[in-house]
């Protein structure tokens, strides 16, 4: 059995020993300036802050290098690196960023500084700890991911009009499962967008035609950065 990464999972500090927000640290895999390849902000310049550590092992994962690689940075240093790129849009991603206890503090601090802040997270971790100003892009895991059992139903009740829900679809079963979720609850009418994101490399036509035939109330998105650069390229 594959070992589950615990990188980035931190125990709570002793009472009265919590450092100033700027001094709190997170384990960072990479910070880079690129084009947003997904979400409703697709095509915009964006600074990505990729955190280390993930406790899921999706079959199609394209960022396995973030499971373990990374080094500690204070929130102050993260802020400085983000500011260096002069970009108003920031996405905190992973890995799974909500594994690290200081992630909510980082997100709130970026909002305080005036950035438009996106969080890319799975449906496996409580999104209720995240600042209400953040756009939470929640990736509900479909069957072919191998992690569908990890989705938290309680997260669906916490979604707002700022949030987006993404389904990564790789098979016919995934599509049918996603369509049932979209039809089953009021959250799909609440969120800013419902995104259908095909696993890179699968045929797009069948998915587009199914969405059209079913009048699916969702947006088809491709991973734009993988069309611009090599699908295996880092830092883009």
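The values are calculated or read from the model by the stated rules, or taken from the named source; none is laboratory data. Only a predicted model underlies this, so the values are computations on that prediction, with no experimental measurement involved. Positions of Cβ are backbone-derived with ideal geometry, glycine not excepted, and every protein chain shown enters the neighbour counts.
Here are some notes:
- Residues being part of a helix (DSSP H, G or I) and more than 19 Å from residue 65 (Cα to Cα) - total across region 123-146: 5
- For region 61-79, the set of residues classified as surrounded by fewer than 17 Cβ atoms within 10 Å (Cβ to Cβ) and touching a helix residue (DSSP H, G or I) at 6+ places or on another chain (Cβ under 7 Å) consists of 76 only.
Okay, residues lined up against (1) in contact with a strand residue (DSSP E or B) (Cβ under 7 Å, 6 or more places away or on another chain); (2) free of Cβ contacts under 8 Å to residues at least 12 places away in the same chain; (3) closer than 25 Å to residue 107 by Cβ:
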{"position": "152", "(1), (2), (3)": "no, no, yes"}
{"position": "157", "(1), (2), (3)": "no, no, yes"}
{"position": "180", "(1), (2), (3)": "no, yes, no"}
{"position": "194", "(1), (2), (3)": "yes, no, yes"}
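- Counting only helices (runs of 4 or more DSSP H) that sit wholly inside region 147-228, those with at least 3 residues that are at pLDDT 95 or above, in contact with a helix residue (DSSP H, G or I) (Cβ under 7 Å, 6 or more places away or on another chain) and buried (at least 16 other Cβ atoms within 10 Å of the Cβ) are 172-184.
- From the list 101, 27, the one residue that fits, being crowded, with 18+ Cβ neighbours inside 10 Å and either within 20 Å of residue 141 (Cα to Cα) or modelled with pLDDT of 90 or more (or both), is 27.
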